[in-house]
1. So for the stretch 31-103, Kirkwood radius off the Cα pairs, Stokes-Einstein at 25 °C and 0.890 mPa s: how many µm² s⁻¹?
2. Note down the relative contact order for the chain as a percent, whole number, built from C-alpha pairs under 8 angstrom at least six residues apart.
3. As I understand it, the value is the acute angle between the Cα axis of helix 106-125 and the longest principal axis of the Cα atoms of the chain; what does it come to in degrees, rounded to 10?
4. I'd like the orientation of helix 165-181 relative to the chain: the angle between its Cα long axis and the longest Cα principal axis, in ° from 0 to 90, rounded to 10.
5. Report Rg/Rh for the chain, rounded to two decimals, where Rg is the Cα radius of gyration and Rh the Kirkwood radius.
6. Quick one: of LYS225/LYS269; LYS225/LYS252; LYS100/LYS199, which pairs are farther than 28 Å apart, Cα to Cα?
7. Out of the DSSP beta bridges found with both residues in the chain, what percent are antiparallel (nearest 5)?
8. In the stretch 31-130, which trypsin sites (Lys or Arg not before Pro) are in a loop and have at most 15 other Cβ atoms within 10 Å, using DSSP for the loop call?
Amino acid sequence: MKTHKPIFIILILGIPILLLSAVFVWKPWKPSGELSKRELIALTNAVRVVSTKPILGIRFSDSDESAYVMNDSITDSVGHVEEFGLIFKRRLFGWRFITKSPRLEPQEYLALIEGQREAARIQNNLMVGTEFPVFDEKDVMGQPLSTSSLRGKVVLIDFWATWCVPCCAEIPNVVATFQKYHDQGFEIIGVSLDNDRQKLLDYTLKQKMTWQEYFDGKSQPFENKLASRYGIAHSGIPMDFLLDGNGKIIGKNLRGEALPQAVGKALAK
């Protein structure tokens, strides 16, 4: 009996472990990309906790144990259908909600897409050789600010923000170009997408940016009045337009040495 005692102990201890492993590891067989009836019920219950919208479809991914639950869709102006839904991750006991996809609500998403298309259309019309649409606003200090008042001069319309790293990296070049050519008839109008007026004033003072700045406190291109008008949501910032004395665009998105070269060439005419 002593010889068989270790084997007996192993069997006594091993069988419960095997049974527990089967409970926790075993999954009912199903075709790849499909869920069992039990899993579908559990997923449906999880969906109802976070959404009251109808379930229009479910896609399951074996690779990352996640499920996409489609609960809405929308068609844009060009006929593209965008799906909206919820992403869940399978856990040992049920399903866990991860996020919405896309994160925006359908109408918000549609407005964003249509806004991007409109911004692209605007930018495509602002080509070199075309006249830059004039504006008449107030600057950050409340003083009159307009492009028409600068006719006869070479003008850079510069869209930027203090929170934009590439914009700030380019500022020394813009300042140097302004200092070099200002006395020859070069002007700059800055269009700031900042939402903190004092931060903007402190930054422009420190960087010796002595030209006028437009500021309305809106940091999003769709919300900022001038950024929206000139389609900056399509290009992003930094973005600039160089205008000749007649208000026509003679350069766009000028960076580095391209900026002083274009300004010098325009003033030499």
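1. On the way: Rh = 12.8 Å.
My calculation gives 191 µm²/s for D.
2. Details: 391 pairs, mean separation 42.6, N = 269.
In percent, rounded to a whole number, it is 16.
3. With rounding to tens, the tilt is 30 degrees.
4. 10 degrees
5. Numbers: Rg = 30.7 Å, Rh = 23.6 Å.
With Rh from the inverse mean 1/r over Cα pairs, Rg/Rh is 1.30.
6. Values: LYS225/LYS269 33 Å; LYS225/LYS252 20 Å; LYS100/LYS199 35 Å.
Table pairs above 28 Å Cα-Cα are LYS225/LYS269; LYS100/LYS199.
7. On the way: 34 of 44 bridges.
Taking every DSSP beta bridge within the chain, about 75 percent pair in antiparallel fashion.
8. Details: sites: LYS37, ARG38, ARG48, ARG59, LYS89, ARG90, ARG91, ARG96, LYS100, ARG103, ARG117, ARG121; in loops: ARG103.
Loop-located and lightly packed - ARG103.
FYI, it's all coordinate maths here, none of it is from the lab. What you are looking at is a predicted structure, and each value in this text was computed from that prediction instead of being measured. Note: ideal-geometry Cβ built from the backbone for every residue, glycine included; neighbour counts use all protein chains shown.
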